[in-house]
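We did not get these values from a lab; they are worked out from the coordinates using the rules stated. Worth saying up front: this structure is predicted, and the values here are computed from it rather than measured. Cβ coordinates were reconstructed from backbone atoms using ideal geometry, including for glycine residues, and neighbour counts include every protein chain displayed.
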Amino acid sequence: MDYELLSRIQFGLTVGFHYIFPPISIGLGLFLVIMEGTYLRTKNELYHNMTRFWVKIFGLIFALGVATGIVMEFQFGTNWATYSRFVGDVFGSALAAEGVFAFFLESGFLAILLFGWDKVKPRTHFIATILVAFGAHFSAIWIVVANSWQQTPAGHHIVEFGDTVRAEIVDFWQVVFNPSFLDRISHVFMGAWQAGAFFVLSVSAFYLLRRKHVEFAKGSMKIGLIVAIVASILQLVTGHYSAETIADTQPAKLAAYEGHFPADAPAGLYLFGWVDEESEKTYGLELPGLLSFLVKGDPEQPVTGLQAFDPEDRPPVNIVFQSYHLMVAIGMALILLSVVGIITWKTGALFKARWLLWIFVFSVLLPQLANQLGWFSAEVGRQPWIVYGLLRTEDALSESIGAGEVWMSLIMFTLIYILLFALFIYLLNEKIQAGPGEAPQKEGQRA
């Protein structure tokens, strides 16, 4: 493998492994606010017990997210030095804002969330919970600002210093609210809420199948189903608006999503298929004109296809097509599962339907797969550009290292991440097996 492909694989491995944790922590943050807020309103100890249990899980996931996120920033300097010089002014602002305004907020109040139960007033603890949850969401905002700018650059000008070219900010708010930011951040949030919801549903279903902590599991599952169905439906809506934006700002990516080759013709929507890039044909089950209708409002309207772009300016089509369609299929499955869960809950059959509970146990994997596939589709679909229309990926690499060094670090990262994931599963299993326990006595706690 060449240096570019190895560097892309290494960054994909590290960011993909890291992204297991932030969506769950963002989603669980929302659950903690709901559960603790319900406890303060109702004084029902069940919700207090719920909050304390899920806080322990949140703390573990937050720690792994921080540990795995640090590695990515080092790679900007080691593997992607030219890219770092080009985007440094833009990314420096966004990542600094993430660190100063979001990460410090989240981590600063995390100690109160984890250890302040008997040391601060209940309302004070609830405020800390809200701020931690807000910090998790706020952190995602700045990361998505940086990534969205790569997709749809705005608010900058290009400056040359001898042989060095870089983008410099001329309007900070145009950088923040670049054309794809709002669609992408809403899509990310819904994916994170889904990850949190199905994580809660999975653990709750496991307890119900084992007939352990039954009331706790039923309460958690009800909240999980409400969040799951809201997030799953809104995910479909945000995905639609994101596709409309992509049609205007990154037409080659949208064409790759649907294997659409004609330069200027109406486009159908494939339910599944296979793209033959050599013959420039897509085979599969197509709904004619539906893509045109969804992004243009008219099934007869043309959609820009891949033949409008030179071959060297097209993304790898089939792999983007497959990852995108698998993501959509999982998204539809999550909507269906959420609806079935709500219906069976309302009819009183949910907690007795062991087949459905088993599905919920393993459903925790689905949002994770969908999130990974969504990012894969977006990032590979942007190729051959690392900053769309401004900097090609092949021109963004460092000049001082080669394939041998990347091979060594890739093997090292892979082994370390295998060990980290094994440790995470072990610790998570220990906490789940221990269960929520009983809510502690709070006679000494201040009112």
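Calculated on the Cα set of segment 190-289, radius of gyration then Dmax: 20.1, 60 Å.
Toward the positive end of the charge dipole of the chain, with +1 on the Cβ of Lys and Arg and -1 on the Cβ of Asp and Glu, the farthest Cα among M221, A265, T245 is that of M221.
Across the chain, where is the longest run that never hits trypsin sites (Lys or Arg not before Pro) in a DSSP loop with at most 14 other C-beta atoms within 10 Å? Please list the in-between numbers first.
Values: sites that count: K43, K119, R210, R211, K212, K442, R446.
Segment 213-441 is the longest.
Once each part is reduced to its C-alpha centroid, what is the distance from segment 114-139 to segment 28-62 in angstrom? Taking the Cα centre of each part, segment 114-139 and segment 28-62 sit 10 Å apart.
Just need the relative contact order of the chain here, percent rounded to a whole number, with Cα pairs under 8 Å and 6+ apart. Intermediate results must be reported in sequence, preceding the final value.
Numbers: 660 pairs, mean separation 92.4, N = 447.
Answer for the chain is 21 percent.
Axis angle, to the nearest 10 degrees, between helix 214-249 and the longest C-alpha principal axis of the chain: 20 degrees. Straight-line reach from K119: taking Cα to Cα under 19 Å and skipping same-chain neighbours fewer than 8 places apart, the lysines in range are K43, K56, K442.
Please determine, in degrees from 0 to 90 and to the nearest 10, the orientation of helix 81-97 with respect to the longest principal axis defined by the Cα atoms of the chain, where the helix direction is its Cα long axis. For 81-97 against the chain, the angle is about 40 degrees. List the lysines whose Cα sits under 29 Å from the Cα of K296, skipping any in the same chain fewer than 8 residues away. The qualifying lysines are K253, K281. Between helix 122-151 and the chain, what is the angle of the helix's C-alpha long axis to the longest principal axis, kept within 0 to 90° and rounded to the nearest 10? The helix 122-151 is inclined about 10 degrees to the chain.
Taking the Cα centre of segment 7-87 as the origin, how large is its charge dipole in debye, to the nearest 20, when only Lys and Arg (+1) and Asp and Glu (-1) carry charge on their Cβ atoms? Walk me through the numbers on the way to the answer.
Working: 6 positive and 3 negative charges, 10 e Å.
Magnitude of the dipole: close to 40 debye.
Ignoring the sites themselves, the chain has its longest run without GluC sites (Glu not before Pro) in a DSSP loop having at most 14 other Cβ atoms within 10 Å at 1-277. For a straight C-alpha distance cut-off of 14 angstrom, the aspartates and glutamates reachable from K121 (same-chain residues fewer than eight places away being disregarded) are E36, E443.
Helical runs assigned H by DSSP (4 residues or longer) give the chain a calculated mean residue ellipticity at 222 nm of -23500 deg cm²/dmol, each run adding -39500 (n - 2.57) before division by the residue total.
Assuming a viscosity of 0.890 mPa s and a temperature of 25 °C, what translational diffusion coefficient in µm² per second does Stokes-Einstein assign to the chain, Rh being the Kirkwood radius over Cα pairs? Please list the in-between numbers first.
Working: Rh = 23.5 Å.
D, rounded to a whole number, is 104 µm²/s.
Each Lys and Arg contributes +1 and each Asp and Glu -1, all at the Cβ; summed about the Cα centre of segment 166-292, the dipole is approximately 1220 debye.
Could you state the per residue volume, in Å³, of the convex hull enclosing the Cα atoms of segment 50-200?
Details: hull volume 18.6 nm³, N = 151.
For segment 50-200, the hull spanned by Cα atoms encloses 123 Å³ per residue.
What the pair-distance distribution of segment 1-117 shows, using all Cα-Cα distances binned every 5 Å from zero, is 2, 10, 15, 18, 16, 12, 9, 7, 5, 3, 2, 0, 0 percent.
Nothing charged except the Cβ atoms of Lys and Arg (+1) and of Asp and Glu (-1): what's the magnitude of the dipole of the chain about its Cα centre? Round to the nearest 20 debye. Don't skip to the answer; put the middle values down first.
Numbers: 28 positive and 37 negative charges, 653 e Å.
It works out to roughly 3140 debye.
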